[in-house]
Structure formats: C-alpha cells, structure tokens
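Here is the structure we will look at.
The values are calculated or read from the model by the stated rules, or taken from the named source; none is laboratory data. As the structure is a prediction and not an experimental result, all values here were calculated from the model. Here the Cβ positions follow ideal geometry from the backbone for every residue, glycine too, while neighbour counts run over all protein chains shown.
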Amino acid sequence: MLDLSKTRNIGISAHIDSGKTTLTERILYYTGRIHKIEEVKGKSGVGATMDSMELERERGITIQSAATFVSWAGHHVNIIDTPGHVDFTIEVERALSVLDGAILVLCGSSGVQSQSITVDRQMRRYNVPRIAFINKMDRAGADAYRVTNQLRDKLKHKPVMITIPIGAEDDFAGVIDLRTREAVYFDGDNGEHVRRTSELPDGYEAKVTEYRAKLIEVAADYDEELMEKFLEEDIDEVTPEQINAAIRKGCLSLEITPVFCGSAYKNKGVQVALDGVVQFLPNPTEVTNKAFHIDEKERKEVEVELETTDDKPLCALAFKLEQGRYGQLTYLRIYQGKVTKGDTVFNTRTGQKIKLGRLVRMHSDSMEDIEAAGAGDIIAMFGVDCAAGDTFHGPDEKYSLRSMFVPDPVIYYSVEPKDKSAQTNFSKALNRFAKEDPTFRVRRDDESGETIIAGMGELHLDVYIERMKREYKVETNVGEPQVAYRETITREVPYNYIHKKQTGGSGQYAKIGGVMRPLVDPDQGQHYRFVDKIVGGIIPREYIPSCDNGFQEALERGVLIGFPVVDVEMELNDGGFHAVDSSDMAFKICARTAFKEAMRSAGPVVLEPLMKVVVESPEEFQGNVQTTLIRRRGMIQGSETAYGTTSIEANVPLSEMFGYSTELRSATQGKAEYTMEFAKYGEVPSSIQKELIEKYKDRQK
C-alpha cells in the first residue's frame, strides 16, 4: 500500500492552449515514465502521450481527461490532465471533484483568460488547493509579474512568487528560487540537468531582495518565529525549510497560491514546479472528504467525515468511465478503506453486488495490473457495470458521496444513421456516450420520431459524431443545430379547474384551485416550487402528491413552442373530490390541464440561452470584432487591452452564434480566437418570439 504522507493526487487545468498537455509530457519525461518527448502538434505526428485518442492528436486538443502516475523525490503522484475547452467542462468538473490539489497553468503572455476563471470557479467549488505555473515565458509579451497581479485582481487569489524568471521572451534563461536565493538553470538537450548556483545574474540582486521580502511577509502570517524575524528585519536568517512550512500551511488553507514560472515547451522550470507539488500540495490525509452514511433501520442519511485509512469500511467513487478494448473501464477514487482483487463491493445507487476482477493503475491508455489499493489512491477497475458518479461501499457500512455539479446542455442536433443497417451500432454508440458523459443527453422526440442529441456546444457534439464514425463505423445525417429554449411566465394568475369524465362504470372527478406565479429567490438549480395550502381535507392528503406530479409533467412542454417551462411556483389552496370517482389519475390529469390553461393567461414568454463570449484579437481589429458581436444581438460587457491584444467580453444569444468562427476569421485576417460558455437564460425579443411560435405551429400542422 502507498505511504499516504508521500502521495499526491493532482490535476492540471487551464484555459485552452496554455500548455497543460505539454507540461504533463515534460513531467512524464523528467520522472522517467517516458524516454522521448513528443509535442502536441509535433511534426512526427505521434502526439503527446496523454492525448491517446486519434481525434485529440489530429486536432491538437485534449478531449478526455487522462490519468497517469509518476514518482518524484520519493513521492507517488497521481496526475489527471484535463481538457481546456468549455465544451468538455464535465471532464474538468469530475477530475477536480476527486483530486486533492491542482496546478493552475497560465499563459505568460495572455495571463488570466476566460477559461482560467471557469476552472478557478470549479476548484473553489470542490475546495481544491492549487499552485500556479506561469507557462510560455519564452513567448512575446510574457511577463510573470503582470500575470501574478492578474491572479490577485481577476481571480481574487493571494499569489506569492516562489520563483522569478531570469529574462523573458527570447532571453528567458531560467528561474531564481527566492527561498534559497539561487539561480536555477536547465542544461542538457531536454533541460534534464538542473544546475543551481548562488551566483545571481547581473542586475538581479535588488529584485531578489525585494521579492524575497514579499515572500517572507506572506509566509510570516503562518509562522510566529518568521513574523518576529520579519518585524526585526532579520530576514537573511530565514531558512528555506521555514518558508516552505509556512507557505504549505497557507496553501492548504486555500488562502495563498504559490506561483512558479517557466516554459514547458523550452524545458525550463518544470522540475522546480514539481518540487512545489510535493512541498505545498496536500496528501490525501490532509483533505476533508464528506459522505452521507445511510442508516437503513432508521431510514436516514447523516453527513459524516471520511477517514483516509485502510482499516475503515470502504467508500469509493466511480468518477469516470471509458469503453476500452476489454469492456468498461471505471476510474475509482478510494476515499476510505481498501479494495483487493476478488473483493465483493456494493453499488449504493443500484444495490448491486459486484465481485472485483481486474484492478489496474492507468498510464494514459496503457495500464499496469495491481493486486490491491488503499485509501487515498486513484485506480481503475474492469468489467464493472455502473454509471459515472456511483458510490461503492463494503458489506458493513453504506455510504453515498455527494454527486458532482452537472450543467444542463444548451444545444441539440437531430441525428440518424445514413444506412438503416447501422441502427444497432448507432444505438450502442449513443448509449455508451451518454453513460460516459453526463452532459451528453439522448432522447427520442415523440412527435417527429427523431433521435435528438444534446450537449454543451457545437464542438462537443461534433466530436461525438466523429467518434461514432471512427469507433463504430456509423455515418450519420445531422439536422440543423437547435437551441435549448425555455418558457416561463411573467405574472401571477389564479386557476380553477374541474376534471369530469363519465364512462360506463366508475368515472373520473377532480377539482383544484390555487395560484400560479413566477418563482422568486429559488435555491441553486431549482426551477419549480409546489406550495401546499390545503386545509380541512377539501382534497384528501393522498391526492396532493398527484397534483404535484401533474404540474411537473406539464412543465415538460410549454404552451408557446413546446419547450420545458422554468421558474414557476404552483400554489394549491382549493379543490373538491368525489367519494367514488376521484383517483390519483383524475387529480394528475386535472393538474396537468389546469397548468396549461393558467399558463396561457400568465403572460408566457420564451427564454433563450445567452452565452458569455470572450474574443481575443489584435488591437487593430477591435472595432471589427465589436461589429460582429453587435450584429449577432450581442451585449458588450467590457473589454481590456494589454500588450497589443484586446479581450472583448459579450453576452450573445446562442442561436446567433452558429458559424461565428468563419465570420470572425474573415473580420480579423484569421488572427482572433474566441471561447464561449453558457451564462444565463434571457427573454427573446418579441419579433423573434413570434417567428418561433409560427414555426412551431407549422410543425404541429
């Protein structure tokens, strides 16, 4: 079993193209896991080790997070390399939900970008301590001091520089370690020989003194002895060990972010950052993990704190699934207890009993068999049928881990196989993708009989259509992209409805009354609230849940364009029943019809998803870019310019964003790039609402 004090579970996350996969490739090389460095878009066409999917190598992007493990300075480090594209945000989400620490990679010239902000929000959601690595110090406009300030201003971190760069851009030569006042150079063909010297380069003495004092000032908050030395201006006596211990304390409490700099592509600074991982990031026992303990006798769930020890009852989470050559591969994070080959475990959600066959440790797409694994480890198991997010427990105690946050899809396509004989493979592929990825949804449209796939963006769905073609040999016809509209109401209305049906034998009778109103201050993720104000038994208690169910069924299809209804509160305060003819079904039908009728007079409107679009372009094209956004009904939220690059943020309706990349390329001579993620739902202009309603009526006919 692992020595937990020398184990680290870390993720590498960042904005697109900040160099996450390149950094992981260097880590694998310096730790001896691989013996030749390959580039993400290298001439050899081999592609980086962690981009094992053919599509990833072609596009030069990471699509699936990949796991590996390395040994460094006597420590066992499990690493997950995550994608940067917002379309694959669930991959980052599930990785961060099981990791103890992370490296936030930032581009030395672009600094904190839109996706860095999203990733940072996800890290905060799961209380993940992180160190920052300012990469690409060899690029034009690279400035580690500016990026550190952006960490403070944009992300509200308390960053502290552990290393500062020697030179920048073409002159970037190495780093200075402020703790030891040593210049660190990386010699050899691939920077594998780390050379430390106390001889600082010319002109750096004053800078080192200034930034070392800043480092000690931050560290002093976590160590009284350091505080005394700082106040007495006796900072030359401070040892690197004292600084490390104090900074580690601050990093684990999520209060400070240690900052390292380097260039992964130019093989500089990576080893020092790796030292930072083992020096500052937590081991599994230093992280608080909570689960719900399920007591079946008393039928209640109690939140408990898990202990990272092997001798406690098992609690583990399946956080990611992959369909491998030998069946389903399930990535497992063990929080408490241990698993051994041949053990019997239970799936909390399904109650299914499972015998563990093959256990492996993952290294990108290759694996090493293991006999057992203990608390705090990340492994994978074969042949276990489960879904992402399932909890496994032993025979003694039953646990359930909190499920991770899954955003709703915003775009959908209708798809069908070109060749009807490929229907079986088509269904197999869709079932597998939906099981692996909670943000990829599949449904059948009852009216048109079409198969509808929904996801986080065009790239997300395009990748799955391409994977269907490659992995399952299924060519598809894809319909026009559709936007996930919603409907809601704008005013409060009373409702009163009687449902009567008399057919031979017992009939149906139900009467309900109350108020429909817009939902105010809902909880996170809540779009509907049921308020029961029935008194005096005018509706028997057993029929009240049927009314609630009827309303919820009616929410699935609005009255304007047939899309789901959100943000509605239904109050039930009046009604009547018949001793013989009333039933659950009668009240459900009554509630469903009452909802539809009330909604028509409650000022219904259509809502559309608004996307946060961030365009980065050379300054001279700022006007052109703003024009392209305004033409697509975009509301400019703000812009900032640094070093000749302008970053413009706008909220744009998703329905207007199709084909935007082509327009942006022609407006900026191909020099701009953009990212897009869901921001919120907003009301559609009345002219567009009319169009949507007309289209819907035509389809109905």
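Of Ala375, Ala380, Ala387, all but one fail to be assigned to a strand (DSSP E or B) and of a type in the set (Gly, Ala, Ser); the exception is Ala380.
Exactly one residue out of Phe530, Phe595, Phe587, Phe551 is more than 24 Å from Tyr696 (Cβ to Cβ), at pLDDT 90 or above and either among the charged types (D, E, K, R) or not in a strand (DSSP E or B) (or both), and it is Phe587.
Checking each residue in the range 108-165 for being modelled with pLDDT of 90 or more and among the polar types (S, T, N, Q) picks out Asn135, Thr148, Asn149, Gln150, Thr163.
Here are the criteria: (1) over 25 Å from Ile378 (Cβ atoms); (2) in contact (Cβ under 8 Å) with a residue 60 or more places away in the chain. Tell me which single one Tyr145 does not satisfy. Looking at each condition in turn, Tyr145 falls short on (2). Among the residues of the range 473-517, the ones that are in a loop (DSSP other than H, G, I, E, B) and not acidic (Asp, Glu) come to 15 in all. The condition of being closer than 22 Å to Phe88 by Cα, in contact with a Phe, Trp or Tyr (Cβ under 9 Å, 6 or more places away or on another chain), of a type outside the set (Phe, Trp, Tyr) and outside the structural domain of Thr118 (by TED's automatic domain parsing) holds for only one of Met381, Met468, that being Met468. When the range 262-294 is examined, which residues are found to be closer than 25 Å to Met137 by Cα and within 25 Å of the chain's Cα centre (by Cα)? Correct list: Ala264, Ala273, Leu274, Gly276, Val277, Val278, Phe280, Leu281. Checked against (1) at pLDDT below 85; (2) in contact with a strand residue (DSSP E or B) (Cβ under 7 Å, 6 or more places away or on another chain); (3) among the aliphatic types (A, V, I, L, M), Ala579 passes all but condition (2). Evaluating Tyr485 against the criteria (1) within 27 Å of Tyr696 (Cβ to Cβ); (2) among the hydroxyl-bearing types (Ser, Thr, Tyr); (3) over 25 Å from the mean Cα position of the chain (by Cα) leaves one unmet condition, (3).
For the range 229-266, a residue qualifies if it is touching a strand residue (DSSP E or B) at 6+ places or on another chain (Cβ under 6 Å) and of a type in the set (S, T, N, Q), and exactly one does: Thr257.
Please indicate, with yes or no, whether at least one residue in the range 679-700 is under 12 Å from Val615 (Cβ atoms) and either among the hydroxyl-bearing types (Ser, Thr, Tyr) or in contact with a Cys (Cβ under 8 Å, 6 or more places away or on another chain) (or both). Taking every residue of the range 679-700 in turn, none turns out to be under 12 Å from Val615 (Cβ atoms) and either among the hydroxyl-bearing types (Ser, Thr, Tyr) or in contact with a Cys (Cβ under 8 Å, 6 or more places away or on another chain) (or both).
Note on the range 364-399: residues that are at pLDDT below 85 and small (Gly, Ala, Ser) amount to 6. Ser546 passes every criterion in (1) in contact (Cβ under 8 Å) with a residue 40 or more places away in the chain; (2) out of contact with any Lys or Arg (no Cβ under 6 Å at 6 or more places or on another chain); (3) not basic (Lys, Arg) apart from (2). For the range 274-305, the set of residues classified as more than 16 Å from Glu397 (Cα to Cα), touching a strand residue (DSSP E or B) at 6+ places or on another chain (Cβ under 7 Å) and hydrophobic (A, V, I, L, M, F, W, C) consists of Leu274, Val277, Val278, Phe280, Leu281, listed by residue number. Cβ separations smaller than 6 Å between residues 6+ apart or across chains give no pair from the range 1-21 residues that are closer than 14 Å to Phe88 by Cβ and not assigned by TED's automatic domain parsing to the domain that holds Ala273 to residues that are surrounded by fewer than 24 Cβ atoms within 10 Å (Cβ to Cβ) and charged (D, E, K, R). Considering only residues in the range 547-586 that are within 37 Å of the chain's Cα centre (by Cα) and under 15 Å from Tyr509 (Cβ atoms), the one that is surrounded by the fewest Cβ atoms within 10 Å (Cβ to Cβ) turns out to be Gly550. Residues of the range 136-152 that are under 23 Å from the mean Cα position of the chain (by Cα) and not hydrophobic (A, V, I, L, M, F, W, C): Gln150, Arg152. Are any residues in the range 587-632 surrounded by fewer than 18 Cβ atoms within 10 Å (Cβ to Cβ), of a type in the set (D, E, K, R) and farther than 16 Å from Ala667 by Cα, and if so, which ones? Residues satisfying the conditions are Lys596, Glu597, Arg600. Residues of the range 113-155 that are part of a loop (DSSP other than H, G, I, E, B) and touching a Leu at 6+ places or on another chain (Cβ under 6 Å): Tyr126, Val128, Pro129. Among the numbered conditions (1) farther than 30 Å from Glu656 by Cα; (2) of a type in the set (Lys, Arg); (3) under 27 Å from the mean Cα position of the chain (by Cα), the only one that Lys398 does not meet is (3).
The number of residues in the range 328-371 being free of Cβ contacts under 8 Å to residues at least 12 places away in the same chain and among the basic types (Lys, Arg) comes to 1. The set of residues in the range 301-333 that are within 26 Å of the chain's Cα centre (by Cα), of a type in the set (A, V, I, L, M) and modelled with pLDDT under 90 comprises Val304, Leu306, Leu317, Ala318, Leu321, Leu329, Leu332. Take Arg349 and tell me if it is farther than 30 Å from Ala679 by Cα and either touching a Phe, Trp or Tyr at 6+ places or on another chain (Cβ under 7 Å) or part of a strand (DSSP E or B) (or both). Here the answer is no, as Arg349 does not meet what is asked. Annotation for the range 447-460: at least one member residue is part of a loop (DSSP other than H, G, I, E, B), among the hydroxyl-bearing types (Ser, Thr, Tyr) and surrounded by fewer than 20 Cβ atoms within 10 Å (Cβ to Cβ).
Looking across the range 401-457, the residues that are among the polar types (S, T, N, Q) and at pLDDT below 85 come down to Ser403, Thr439, Ser448. Look at (1) among the small types (Gly, Ala, Ser); (2) surrounded by fewer than 16 Cβ atoms within 10 Å (Cβ to Cβ); (3) within 30 Å of Asp311 (Cβ to Cβ) and you find that Ser427 fails only one, number (3).
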